[in-house]
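Notes follow the structure.
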Amino acid sequence: MARYTGPVTKKSRAFGQSLTGYDKSFERKKYAPGQHGPSRRRKQRSDYALQLIEKQKAKYTYGVLERQFRNTFQDAHKKEGVTGENLFQYLEARLDNTVYRMGISPTRKGARQLVSHRHIMVNERLVNVPSYRLRPGDVVSVRGKSRGLEIIRHNVSQKSDTRKFGWLEWNPDKMEGKFIQYPSRDQVPEPINEQLIVELYSK
């Protein structure tokens, strides 16, 4: 399956914010990459550049490639409501992202791997497609024989802030949770300006 496999910290430095949560390497070097270091003077960015940067931030944050992202945006545009909010609702409804939000994996990359390796079930059916889009009411659980894996048990035991995501329910004892509803934009913590993305695709 296609995915970005390059240096994530370098991308975080280019955008000026960590794309994967806490990153020790990014904290040491919060300036843009390049041989001139932080002393290099940056040109003022055009409106198009700012719009493109926001789109790239969203792509790398959620681990989505260009064609997938464009298709997701088109679906969001067709749906009734605000396009930018719809876009984030669909990105948050991805199975790999939900596995990450529930704390079954500490990173989206790890969540993608768990789904691809057939450790995750949706409504008691095995699903190994990371981009699978959940619907309100869907139940996500760890596959029965995968619940004994040390890495999964460790991740679940470490997670304590799942309740801050009001659109999800999670039961650590049963290792299952529910996708209650699509989140509103103000519930999604990612610092991305979705309006700039809408403007970019509206050209």
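Some observations on this one:
- Rg(Cα)/(2.2 N^0.38 Å) for the range 94-181, N = residue count: 0.93
- Residues Arg135, Arg185 arranged by fewest to most Cβ contacts within 10 Å: Arg135, Arg185
- DSSP-assigned coil residues among trypsin sites (Lys or Arg not before Pro) in the range 127-177, each with at most 13 further Cβ atoms within 10 Å: Lys174
- Take the Cβ atoms of Val82 and Val129, set R0 to 25 Å, and the FRET efficiency comes out at 0.40.
- Counting Lys and Arg as +1 and Asp and Glu as -1 over every other residue whose Cβ lies under 15 Å from the Cβ of Asp47, the net charge comes to +2.
- Burial order of peptide ranges 117-128, 60-71 (average beta-carbon count within 10 Å, highest first): 60-71, 117-128
We did not get these values from a lab; they are worked out from the coordinates using the rules stated. All values reported here derive from a predicted model rather than from experimental measurement. Because the Cβ atoms are built from the backbone with ideal geometry, glycine has one as well, and the counts that use them run over all protein chains shown.
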